[in-house]
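Note sheet for the following structure.
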Amino acid sequence: MTETKWSVDESLIRDFSTANNEPEWLLNVRLDAFKKAEDLPLPKPDKTKIDKWNFTEFGAHNVQSAPFNALSALPEAAQAVIGEENDTQNVYVQRNNTPSILKLSDELKEAGVIFTDFATAAKEHSDLFQKYFMQQVVKADEHKLTALHAALVNGGIFLYVPKNVEIKEPVQAVFIHDDAQAALFNHVIVAAEANSSVTYVENYISTVKTEQGVANIVTEVIAGDNAQISYGAVDTLTENVTTYVNRRGITAPNARIEWSLGIMNDGNTVSENVTNLIGDGSYADTKMVVVGRGKQSMNFTTKVVHFGKHTEGYILKHGVMKDEAKSIFNGIGKIEHGASKSNAEQESRVLMLSEKARGDANPILLIDEDDVTAGHAASVGRVDPLQLYYLMSRGISQQEAERLVIHGFLAPVVNKLPIENVKKQLTGVIERKVRQ
Amino acid sequence: MSQSTLTIKDLHVAIDGKEILKGVNLEIKGGEFHAIMGPNGTGKSTLSSAIMGHPKYEVTQGTITLDGEDVLEMEVDERARAGLFLAMQYPSEITGVTNAEFLRSAVNARREEGDEISLMKFIRQMDGNMDLLEMDQDMAQRYLNEGFSGGEKKRNEILQLMTIEPKIAILDEIDSGLDIDALKVVSKGINKMRGEDFGCLMITHYQRLLNYITPDHVHVMMQGKIVKSGGAELAERLEAEGYDWIKQELGIEDETVQ
């Protein structure tokens, strides 16, 4: 790996850490990870070769962006996902690498909820943050990209929900990418203590095109005893941004994590979504929709690992590939020895709209326990020309007919998304992505 | 709106390189109801598919025009917007797209951007037509044809016909698989379309349909051509005597396309 070109060096990491007044432990994590990144191999997503992908070259590690002074100053796409400004809103807006707006209601502040940007979390909640940051869920030394992430993390959010606190309104984070030089190494931690509940929704919005960009995003979700976390994400990063996004969660007994993911990036993307069901009686549900277009290549691994007894894991993914887009859908249900009475279910479906689009679905069940149930369904197919003929015979244009078929193909997932806001957003995003 | 004319001249159509239609001539005007009858395998459904532009059928010779415009030059959706409609024998099922959403797209495809039909008006119209066709209201919100029974699919085709109000409609075996009550309901919908601005071509095996929808012209198809034409009385004679007398009269041994 001596040929790897780096856009950063050790002194830059030191300077960045100093400038942000980071605690020493964090600088040490960074430096240690940076050393390891050199030698660690890239991850090996099944059936997609990523060794020529650009994960290391980008314009600048830290771009300074003028903060937005109000929600009404945000780009339209960002305003659309946040909605009208109000007093009970809990929202974070990051512009490239710069924390820009942070609103947390007094009620939640009083309840002890922490919702703050990465740098502030590391500085002001150092001990608590250290307990979570790349310790229990994702480790820095898993592979080159997690190591790079730990070394270079330059944004993100920390959401901490104390015991017994139930947050009703969704907490939102909007990451705006509007500087072609920016590289996004965002880290998100959502930690919900026992008997708490929270819905978190994040958006990645590019409003700029770039020659070469990198997004390396890691999310760690920690659900305490009987806690419920609903995690929504709608990613719309621009082409030429290579994205590695790892969203991973762990559950204590009887905890639930629900993922609602809409991955609509226009660039090459490796997405890894894993839930480790550690506690007995815990539950994971992943619903994901994807639209690929142009020449992008994407790899999606969705995995639920059952350690606890009576655990349930559900995966439902639908993807549409247009133009020359390629995608691999890996679904893995893994039941460890001892996780008796568990259930692992998954369904993956890919629809290809053109001759040159490619899709593949690999359902995998790895079961090391007898007393369990499991099932999988997968299909990959091309759009039925007779469906298009039928729609067009009613005067509907080919483009509109394709739009209806795509919309219809994704609807069984979109309609079941537990977060209303994500459902609404995705309908619009799908529409835009399909139209162009 | 004025009367339209669909003119088919010397139409030859092949599928997978095999010629099915071998010179069909037919003219349908607004206000007229035509019926094409004939045994299986004589090319009736091929004719309807070729007029609409089914991707598998290739027109090798002849012309189709609507009010002088070359239909064969048009894409499927352009044919529809020009005023043609085909009620299909086997309508596609489309998951995730509701019947109402689909119908509204079809209506709006005929309107300018910014002049889309209001939701209220559309729903009122659709509800009225569904009542007439004795369709359950929940069928508006069900996915297009998915899990519909044979009879429900046929009613749904007629619902589309009534909503779109084409100039010329082709109904391909709209009566197949319908019990007598459903046939009456479907016929009621079709008869409601009657008028100077609406021409219709019904394709059927059976005279039964024509008891409810009286045709002005009846054509018999054999060997990929129209071999005999007449008025409503021709259908009645076919019902009473079958097709053998025509075969004898014309010296045809095997009526199917060879």
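Descriptive notes on the structure:
- Flag if B:R104 is more than 8 Å from chain A (Cβ to nearest Cβ), touching a Phe, Trp or Tyr at 6+ places or on another chain (Cβ under 6 Å) and either not in a helix (DSSP H, G or I) or not β-branched (V, I, T) (or both): yes
- Every residue from the stretch A:1-58 that is without any contact (Cβ under 8 Å) to a residue 12 or more places away in the chain, of a type in the set (V, I, T) and not in a loop (DSSP other than H, G, I, E, B): A:T18
- Residues satisfying the stated conditions in the stretch A:420-429, i.e. among the hydrophobic types (A, V, I, L, M, F, W, C) and open to solvent by 10 Å² or more (accessible area, probe 1.4 Å): A:V429
- Residue check, B:K247 open to solvent by 10 Å² or more (accessible area, probe 1.4 Å), modelled with pLDDT of 95 or more and basic (K, R): no
- Residue that is nearest to B:I158 (Cα to Cα), among those in the stretch B:96-115 that are open to solvent by 40 Å² or more (accessible area, probe 1.4 Å) and touching a helix residue (DSSP H, G or I) at 6+ places or on another chain (Cβ under 7 Å): B:R104
- The stretch B:1-95 holds strands (runs of 3 or more DSSP E) entirely within its bounds, and those carrying 2 or more residues that are at pLDDT 95 or above and crowded, with 22+ Cβ neighbours inside 10 Å map to B:5-15, B:18-29, B:33-37, B:84-87.
- Number of the exception - B:E165 against (1) open to solvent by 10 Å² or more (accessible area, probe 1.4 Å); (2) under 29 Å from B:V218 (Cα atoms); (3) away from chain A (no Cβ under 14 Å): (3)
- Of all the listed residues (B:L159, B:L133, B:L144), the sole one being touching a strand residue (DSSP E or B) at 6+ places or on another chain (Cβ under 9 Å) and crowded, with 19+ Cβ neighbours inside 10 Å is B:L144.
- For the stretch A:182-205, filtering for residues that are open to solvent by 10 Å² or more (accessible area, probe 1.4 Å), in contact (Cβ under 8 Å) with a residue 40 or more places away in the chain and either in a strand (DSSP E or B) or touching a Leu at 6+ places or on another chain (Cβ under 6 Å) (or both) leaves 2.
- Odd one out for B:S118, checked against (1) more than 19 Å from B:I170 (Cα to Cα); (2) surrounded by 17 or more Cβ atoms within 10 Å (Cβ to Cβ): (2)
- Checked against (1) without any contact (Cβ under 8 Å) to a residue 40 or more places away in the chain; (2) open to solvent by less than 40 Å² (accessible area, probe 1.4 Å); (3) within 27 Å of the chain's Cα centre (by Cα), A:Q387 meets all criteria but (3).
- Look at (1) assigned to a loop (DSSP other than H, G, I, E, B); (2) more than 22 Å from B:Q3 (Cα to Cα); (3) not β-branched (V, I, T) and you find that B:R111 fails only one, number (2).
- Among the strands (runs of 3 or more DSSP E) confined to the stretch A:334-436, the ones with at least 2 residues that are within 14 Å of chain B (Cβ to nearest Cβ) are located at A:343-352, A:373-382.
- Restricting attention to the stretch A:77-111 and to residues that are of a type in the set (V, I, T) and within 17 Å of A:L184 (Cα to Cα), the residue that is least open to solvent (accessible area, probe 1.4 Å) turns out to be A:V93.
- Filter result (open to solvent by 30 Å² or more (accessible area, probe 1.4 Å) and in contact with a Lys or Arg (Cβ under 6 Å, 6 or more places away or on another chain)) within the stretch A:4-27: A:N21
The values are calculated or read from the model by the stated rules, or taken from the named source; none is laboratory data. Note that the structure is predicted; figures quoted are calculated from it, not measured. Using ideal geometry, Cβ is built from the backbone for each residue, glycine included, and neighbour counts are taken over all protein chains shown. Side chains are part of the model used for accessible areas, which takes the heavy atoms of the whole protein and leaves out ligands, DNA and RNA. Shrake-Rupley method; radii C 1.70, N 1.55, O 1.52, S 1.80 Å.
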